[in-house]
Structure formats: C-alpha cells, structure tokens
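Inspection log for the structure reproduced underneath, given as structure tokens.
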Amino acid sequence: MKLVRKDLEKDNAGQVTLIPEEPEDMWHTYNLLQVGDSLRASTIRKVQTESSTGSVGSNRIRTTLTLCVETIDFDSQACQLRVKGTNIQENEYVKMGAYHTIELEPNRQFTLAKKQWDSVVLERIEQACDPAWSADVAAVVMQEGLAHVCLVTPSMTLTRAKVELNIPRKRKGNCSQHDRALERFYEQVVQAIQRHINFEVVKCVLVASPGFVREQFCDYMFQQAVKTDNKLLLENRSKFLQVHSSSGHKYALKEALCDPAVTSRLSDTKAAGEVKALDDFYKMLQHEPDRAFYGLKHVEKANEAMAIDTLLISDELFRHQDVATRARYVKLVDSVRENMGTVRIFSSLHVSGEQLGQLTGVAAILRFPVAELSDQEGESSSEED
C-alpha cells in the first residue's frame, strides 16, 4: 500500500489518500472502511445522452465521485472490494443523493475521510504501508488424494489451489493402479506450486501431511526437477520445510504453523507470532485457568485490574457497525497498551483468527491470576440474598 497523503486534524478527523498495490491491500482497505465514511475515487458511470435529433443513448463515462459509505462487500478469494453509497459532492453526471457502487481496484488511488481516525485504523495504515509485511510463507497441506496450496500473508490464509484426485487402494500383488494415480496427483500438486508460489517473495514453503506423504511427495518433486532440469524448484529446494499435520485440509495448517521447527524458521513473520500467542493462551487455559480469560466482559474486568500481559483480539470486532461497540474495543486496545501489555490483532481470514473467533474474538493472557468474574457475580448475588 502506498500512502500518498495524510491530512489529520488535532481531533483526529481528516482524510487519507492511498494506492493499494497488491491484492492483500484490498483486505486492509476493507478493514479501514466503515459505514458513514466518505470515499472519493475514480469510477465508471452509465450516463444517458440525448442527441440533437432526440434519440437517446447511453455511454459509460469515467468520473470521480465522493460517496457516503452505506454497504461494503469484500470477496476474499478474488480480493475485490465493492462500496455502495450516496453521492455527496456535485458532479455533472451524477445527482446529489443518487446511489452508486465504486469498485476499488489495485493501483487506483482513493481518498478516505473519517470524522474520527482511531488508533487501530491508523496502525493498520502503518502496517499496510510497510513493505516488510508481505506474503513470505507458502504452505502445501496434503494427504493422499487431497492437497491445498496456500499463501500465508500477515493478514490472510489464501487458498490458491485445491487438488483432489481419487487414489485406488493398493491390491494384494498389484499396486500399479494406486502408484500411477499417486504419481498423477503429485504431478498436479507440483504444477500448482509452480503456478501459485512466487519464490522471489516466499521465504519458506511448508509441506505438511500425516504419515510419510510429505516425504514421498518431496522425493518425487525433486527427482522430477532433476530429470527435467527445473531450475525454479532446484534453486529453491532449501526453502521447503517438511512438517506433520493431521490431514490435508486447510484447518490442519494451524498445527503445522505451531511446530517448533516452523516457529523458529518463521520467527520474523506476524503469522507465526499470532499462532504462538494463541497456543500460549490455550496452554495457560489448561494449566492456569485464572490467568486466561476470554469474552469481552471478563477481559475488561482483567484490564481494570491492570492484569493483561497479552491481548488477543480479532480484527472482525473493529468492523462492528455500532460506533459505541467499536469504540469499546478500541478503548480496550489503547488501555492495554498504556498498561504496558502486548496487543495482537488477529486477522479473521487467518486460520488462527478463525479459531479466536470461536472464543468470542477477544482473549487475554494475564500477568497474575484474577478471580473469575462468574465467582464474583455469584458472591455478590448471595450477599444481596
């Protein structure tokens, strides 16, 4: 993401002009937009024209519109963003108050104005404009007959290809059908890797599977690479890292990212940091439940006691339509930071973010034990009796 201009007042009202440069930037833009914001961007509008003879025709005209945002639709697979709203600035082709939908695209500038730019939104702009935050991890999660080729970016786990092939069972004395089908399957996975993984950016490719599938696949891939003199694979051989997973489904990627060998290799990536934080939370919940809280009410109570060491929060919560609810989450983040705690904002499009979402989207690892909120409520109600 390229920051063109930032004009903010002392009360944090103002506008920011940005150019999304990669598909992931569309995800960042989706998280910046809120209902009620004003968005100015170039767009195409169908305009009816009347000729001197009175015949009516329609032309598609490119114009720049400023909309008051009403609905925001994001397609995570295509990384496309559609924003619908009403025109709030005079335009020769579009009446004031008329509805229009702007499709935001990579490499096309837009200006976003807000009445209040909070700390979470400003931090996201900083991260999006930092070139170090890019997709530097790829993963192939596989089992016999099923493979997912994914890109693990700081904010998303994107499935780039799914390879599915029926593998016949081995028969006594005849394994040829099974072996041929397996070879076809491996070949399709190799093609998907070459098509979807940019080795100039990717620092590490995880190959995860149950059993010996990953070893057999990697042996096949590099034997074929030697035979065909495939320089792309041979030059990047050191980037492939084999790890265990329970299956070839996308959700098994979390296990692979938790592997200590992977964590040390990916120690500089945000994705690994998120997974480790969530793993630490679950361990704490198991061994010292008084130091692991989840749910907004419980976490706020822990924050009042200045007990939060690490706050885990999903970015989905900052897209809440209710301004007061959103402000409550922002206040929690700011307060934890003021109390010298660490804040990890998880992406809801990440496997770790999906898991945090199942725990209400907000959780905390505490510095010291805090009595359960439910215990306190129980005590206060018995006192009232």
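The values are calculated or read from the model by the stated rules, or taken from the named source; none is laboratory data. This is a predicted model, so every value here is computed, not measured. Using ideal geometry, Cβ is built from the backbone for each residue, glycine included, and neighbour counts are taken over all protein chains shown. In case anyone asks, the SASA skips ligands and DNA or RNA and just uses the protein heavy atoms, side chains included. Shrake-Rupley method; radii C 1.70, N 1.55, O 1.52, S 1.80 Å.
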By residue number, the members of the range 306-326 that are open to solvent by 50 Å² or more (accessible area, probe 1.4 Å) and at pLDDT 90 or above are M306, D309, E316
Scan the range 279-326 for residues that are of a type in the set (D, E), assigned to a helix (DSSP H, G or I) and within 28 Å of T263 (Cα to Cα) and report the count.
5
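Yes/no per residue for (1) assigned to a strand (DSSP E or B); (2) closer than 20 Å to K276 by Cβ; (3) among the aliphatic types (A, V, I, L, M); (4) not assigned by the TED database to the domain that holds C258:
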| site | (1), (2), (3), (4) |
| --- | --- |
| R328 | no, no, no, yes |
| K331 | no, no, no, yes |
| V336 | no, yes, yes, yes |
| G353 | no, yes, no, yes |
| L359 | no, yes, yes, yes |
| A363 | yes, yes, yes, yes |
Positions within the range 340-353 being more than 17 Å from the chain's Cα centre (by Cα) and open to solvent by 40 Å² or more (accessible area, probe 1.4 Å), in sequence order
M340, T342
Criterion (surrounded by 13 or more Cβ atoms within 10 Å (Cβ to Cβ) and under 23 Å from L122 (Cα atoms)) met by exactly one of L296, L285:
L296
Under 9 Å by Cβ, and 6 or more places apart or on different chains, what pairs join a residue from the range 117-136 that is open to solvent by less than 20 Å² (accessible area, probe 1.4 Å) and modelled with pLDDT under 85 with one that is of a type in the set (V, I, T) and part of a loop (DSSP other than H, G, I, E, B)?
D136/T153; D136/V201; D136/V202; D136/T269
Hey, among the residues in the range 195-222 that are under 19 Å from the mean Cα position of the chain (by Cα) and not hydrophobic (A, V, I, L, M, F, W, C), which one's nearest to Q143 (Cα to Cα)?
H196
Does F222 satisfy being surrounded by 15 or more Cβ atoms within 10 Å (Cβ to Cβ), closer than 26 Å to L349 by Cβ and without any contact (Cβ under 8 Å) to a residue 40 or more places away in the chain?
no
